[in-house]
Amino acid sequence: MADDVQAVGRLLKKARRVLFITGAGVSAESGIPTFRGLGAAFANGMTEEGIPFETVLSGPTFQRRPELSWKYFFLLKQATQGKQPNPAHHAMAALQSPQRQVWIATQNIDGLHHLAGSKRVIELHGTMKRLLCSDSECDYSAEADTFQDLPLLPRCPKCQAVLRPDIVLYEEMLPEAALERYALEQSKGFDLLFSVGTTSIFHYVIEPIFNAARAGIPTVEINPDETSVSDLVQFRFPAPAGITLQRILEATKG
Ligand code: NAD
Ligand code: ZN
């Protein structure tokens with residue numbers, strides 16, 4: 001492992017463009033549980049209504065039973081509210097330099113990469129920090145640090161349609177602007193790619209790693225568990241993100 005840390009550190013020193021693909025595991029050390037780790041709330045992936053969390057947090061359920069989805073939006077907000085970046089977020093932010101563009105494509109909706117000072121963040125799944133009107137004709141949106149003062153089914157002050165957090169629900173499309181930026185930066189190429197703290201189930205987080213590995217561009221995975229990209233990557237660290245990224249950051253300074 002120590003040799004690999006040094007090797008990745010050396011690659012980073014030379015790299016001009018780096019991509020980190022991140023998931024819920026990166027925020028686990030900030031005290032935000034991963035979906036599968038959301039304890040009693042999602043025991044065995046099920047809500048207390050006996051519905052899979054992917055269904056409760058899906059576009060179609062929000063359309064049909066918004067009050068049920070909102071019950072879990074409140075829970076998600078509570079889980080992310082007031083949380084601070086951890087050594088993993090800080091290491092990624094510290095790797096930015098005038099010579100090195102560090103891009104972060106995150107599935108997280110907690111805003112912690114921004115809070116840590118990362119400048120080039122693509123939020124593939126949106127953010128819990130903003131509320132939107134669910135009527136696409138209405139342009140209402142508002143920043144929301146907390147949902148505490150909201151009624152059980154919050155409504156738009158402009159048009160009375162149901163509000164929603166600005167996140168991508170299951171079975172919904174990813175935000176166009178984020179996708180465009182992600183495609184553009186991939187087309188420019190990266191010298192080094194990382195997959196950190198994600199189970200890598202979505203094709204758009206697997207493909208950049210797959211394509212880089214096939215093209216002989218170095219790839220790194222940091223995740224205590226095996227995932228669908230574990231066999232593809234050149235360097236695999238089966239360890240927590242915080243300590244591993246801090247060691248790699250140190251190795252760039254030697
Ligand atoms: P996931 O919950 O499916 O998987 C998390 C991954 O992180 C697992 O592979 C696990 O082994 C790994 N992990 C756990 N602790 C880690 C650590 N300390 N260091 C490194 N890796 C660690 O999450 P996912 O695949 O990222 O995404 C599923 C969905 O969950 C996404 O749509 C995302 O929006 C949502 N989500 C977001 C947050 C957040 O914003 N913080 C939290 C929970 C879920
Ligand atoms: Zn509205």
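Filter the range 185-220 for residues that are within 16 Å of A15 (Cα to Cα) and of a type in the set (D, E); which is farthest from ligand 1 (Cβ to nearest atom)?
Top of the filtered list is D191.
Quick grid of which residues meet (1) under 17 Å from the mean Cα position of the chain (by Cα); (2) within 21 Å of I122 (Cβ to Cβ); (3) away from ligand 2 (no atom under 16 Å from the Cβ):
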{"site": "A144", "(1), (2), (3)": "no, no, no"}
{"site": "A161", "(1), (2), (3)": "no, no, no"}
{"site": "L174", "(1), (2), (3)": "yes, yes, yes"}
{"site": "A177", "(1), (2), (3)": "yes, yes, yes"}
{"site": "R181", "(1), (2), (3)": "yes, yes, yes"}
{"site": "G189", "(1), (2), (3)": "no, yes, yes"}
{"site": "L193", "(1), (2), (3)": "yes, yes, yes"}
{"site": "E207", "(1), (2), (3)": "yes, yes, yes"}
{"site": "N211", "(1), (2), (3)": "no, yes, yes"}
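Taking the residues in the range 133-142 that are modelled with pLDDT of 95 or more and over 24 Å from the mean Cα position of the chain (by Cα) as candidates, determine which candidate is farthest from F73 (Cα to Cα).
Taking the range 133-142 first, the residues modelled with pLDDT of 95 or more are 133-135, 137-142.
This time we only want the ones that are over 24 Å from the mean Cα position of the chain (by Cα), so: 135, 137-140.
Values: D135: 18, E137: 23, C138: 21, D139: 21, Y140: 19 Å.
Here the answer is E137.
Scanning the range 59-76 for residues that are closer than 18 Å to E48 by Cα and of a type in the set (K, R), which turns out surrounded by the fewest Cβ atoms within 10 Å (Cβ to Cβ)?
The initial filter retains those residues of the range 59-76 that are closer than 18 Å to E48 by Cα, namely 61-62, 65-76.
Still in the list and also of a type in the set (K, R): 65, 71.
Values: R65: 14, K71: 16.
The extreme case among them is R65.
Quick one: which of Q148, Q78, Q160, Q84 is within 15 Å of ligand 1 (Cβ to nearest atom) and in a loop (DSSP other than H, G, I, E, B)? Full working, then the answer.
On the way: Q148 fails: within 15 Å of ligand 1 (Cβ to nearest atom); Q78 fails: in a loop (DSSP other than H, G, I, E, B); Q160 fails: within 15 Å of ligand 1 (Cβ to nearest atom).
Testing whether each residue is within 15 Å of ligand 1 (Cβ to nearest atom) and in a loop (DSSP other than H, G, I, E, B) leaves just Q84.
Here's the yes/no breakdown for (1) in contact (Cβ under 8 Å) with a residue 60 or more places away in the chain; (2) of a type outside the set (F, W, Y):
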| residue | (1), (2) |
| --- | --- |
| Y72 | no, no |
| L76 | yes, yes |
| S141 | no, yes |
| F147 | yes, no |
| R155 | no, yes |
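Among (1) under 24 Å from K14 (Cα atoms); (2) surrounded by fewer than 16 Cβ atoms within 10 Å (Cβ to Cβ), which single condition is P238 missing?
Going through (1) under 24 Å from K14 (Cα atoms); (2) surrounded by fewer than 16 Cβ atoms within 10 Å (Cβ to Cβ) one by one, P238 breaks only (1).
Need at least 3 residues that are within 16 Å of ligand 2 (Cβ to nearest atom) and hydrophobic (A, V, I, L, M, F, W, C) per element, so show me which strands (runs of 3 or more DSSP E) inside the range 95-141 make the cut, counting only ones lying wholly within it.
On the way: elements: 101-106, 120-123, 126-133.
The qualifying strands (runs of 3 or more DSSP E) are 126-133.
Just a yes or no: is a residue in the range 154-171 among the basic types (K, R) and crowded, with 19+ Cβ neighbours inside 10 Å? Don't jump to the end; show me each part of the working.
Going residue by residue through the range 154-171, those that are among the basic types (K, R) are 155, 158, 164.
So of that shortlist, the ones also crowded, with 19+ Cβ neighbours inside 10 Å come out as 164.
Yes, the range 154-171 contains at least one residue that is among the basic types (K, R) and crowded, with 19+ Cβ neighbours inside 10 Å.
On the given criteria, is P52 at pLDDT below 95, under 30 Å from P151 (Cα atoms) and not small (G, A, S)? Reasoning before the result, please.
Details: at pLDDT below 95: yes; under 30 Å from P151 (Cα atoms): yes; not small (G, A, S): yes.
Criteria met by P52.
The values are calculated or read from the model by the stated rules, or taken from the named source; none is laboratory data. It should be emphasised that the depicted structure is a prediction, and the values quoted were computed from it without experimental measurement. Don't worry about glycine lacking a Cβ; one is built from the backbone with ideal geometry, like all the others, and counts go over all protein chains shown.
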